[in-house]
Each structure stands twice: as C-alpha cells, then as structure tokens.
1. Which of the numbered conditions does residue 138 fail, given that it passes all the others? Conditions: (1) part of a loop (DSSP other than H, G, I, E, B); (2) surrounded by 14 or more Cβ atoms within 10 Å (Cβ to Cβ).
2. Has the range 59-71 got at least one residue that is within 22 Å of the chain's Cα centre (by Cα), in a loop (DSSP other than H, G, I, E, B), modelled with pLDDT of 75 or more and farther than 24 Å from residue 140 by Cβ?
3. Residues being at pLDDT 75 or above and more than 9 Å from residue 46 (Cβ to Cβ): count how many of those fall in the range 177-190.
4. Report yes if residue 79 is at pLDDT 80 or above, out of contact with any helix residue (DSSP H, G or I) (no Cβ under 9 Å at 6 or more places or on another chain), over 24 Å from residue 169 (Cβ atoms) and in a loop (DSSP other than H, G, I, E, B), otherwise no.
5. When you check residue 124 against the structure, is it modelled with pLDDT of 85 or more, assigned to a strand (DSSP E or B) and within 20 Å of residue 191 (Cβ to Cβ), yes or no?
6. Could you grab me the full set of residues in the range 47-78 that are surrounded by 10 or more Cβ atoms within 10 Å (Cβ to Cβ) and out of contact with any strand residue (DSSP E or B) (no Cβ under 9 Å at 6 or more places or on another chain)?
7. Do you know which residues across the range 165-188 are under 16 Å from residue 61 (Cβ atoms) and outside any strand (DSSP E or B)?
8. Just to be sure before I move on: is residue 54 part of a loop (DSSP other than H, G, I, E, B), at pLDDT 80 or above and under 28 Å from residue 109 (Cβ atoms) in the structure I sent?
C-alpha cells in the first residue's frame, strides 16, 4: 500500500508540480541618476570636405548656426542654450533620472540635487514584446525617439544606458539662395551610474 501511495504521490506531483512563470516587463531604469560618460558622433552622409570636431558638449538637433571660416569653409555649429533640455548634453555633467512609477524623466538638477524643471513624459515601445528598444521623450510638444539598450553586470539594476538618436539632417543655405543637404549625423550617448 505504501508503494501505491508513493506512486500516486509522484504522479500527482509530476502532473501538477511547480512551474516557473515570468511576465515580460520593461527594463527598470529607476534606481539613481545616469551621468553622461561619452558620446560618439557618426557621419551618415555629407557633402565633400566635412570635418567633425567633437568637444565635451553635444546637442541632438540640426546645426542651425552657419558661418564662414578664413579659408572660405562653412562652419556649422549648434546653440546649446536654445536647445531643449532633453536634447543637450555635457560629458561628465549631464544627469538623467527616470521615475518609472510616473513614466517621467528629469534632465537638469540644482546644486541640492532637486530637478529644475517639471518632469518630461517618457514612453517605452516594444518591438519584440520581450525587449523594449524604443524610448520616446516628450518635451513641450516635441518628441525625441531614441533607440536604447541597457547593460548590467549582475541581475540588479542596469549600470550602462546607451541611447542612439534619430538621424539629424542639416541643409546649407548657399549664396545663390538655394539649399543643399550638408550633413546627416547620428549621436550615440553612453550614460553610466554607480
């Protein structure tokens, strides 16, 4: 009788045993401030003779300021102060903090660590439904659609966030009044957190 009991027990346990079930969820970005550690500017297309000069500051918008150099070259630059807060970055200084509970993003902080602006709305889009790869940031009616990836050394919160901007195209206004596509670039930002 004991053998029959064990046999029935193992059959029932085998048929109705424990099963691990996991729900798919977006990456949790809450857990501290992300600091911009590096960026890379990639040239997609350009007219001949384009030279890109990188420094510690980058804006994710077109190169609206145009001037002429001493050798007749055209110099394109960006206006940091007129760029929206979520599209301007300084290596080692720019900090982002996500609030996953409210789908919010803060991009600028005062000396005491408090945000200097109202939260920006963020949404995650799912392409494969097991991996979120698109992050939209809404700011004053504008939208920036980033492709993103997170990396973690452990199963805890991710420690590295990589954002790839949409393509940024700038046209030249030539002396004869016509326009010519000068440059199309993409910006890759790398954020780290402790």
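1. So residue 138 meets the others, but not (1).
2. No, there is no match, as no residue in the range 59-71 is within 22 Å of the chain's Cα centre (by Cα), in a loop (DSSP other than H, G, I, E, B), modelled with pLDDT of 75 or more and farther than 24 Å from residue 140 by Cβ.
3. Adding up the residues that qualify gives 5.
4. So residue 79 fails the test.
5. So residue 124 does not fit the description; no.
6. 73, the sole residue that qualifies.
7. 165, 166, 167
8. So residue 54 fits the description; yes.
The values are calculated or read from the model by the stated rules, or taken from the named source; none is laboratory data. Keep in mind it's a predicted model, so treat the numbers as computed, not measured. Positions of Cβ are backbone-derived with ideal geometry, glycine not excepted, and every protein chain shown enters the neighbour counts.
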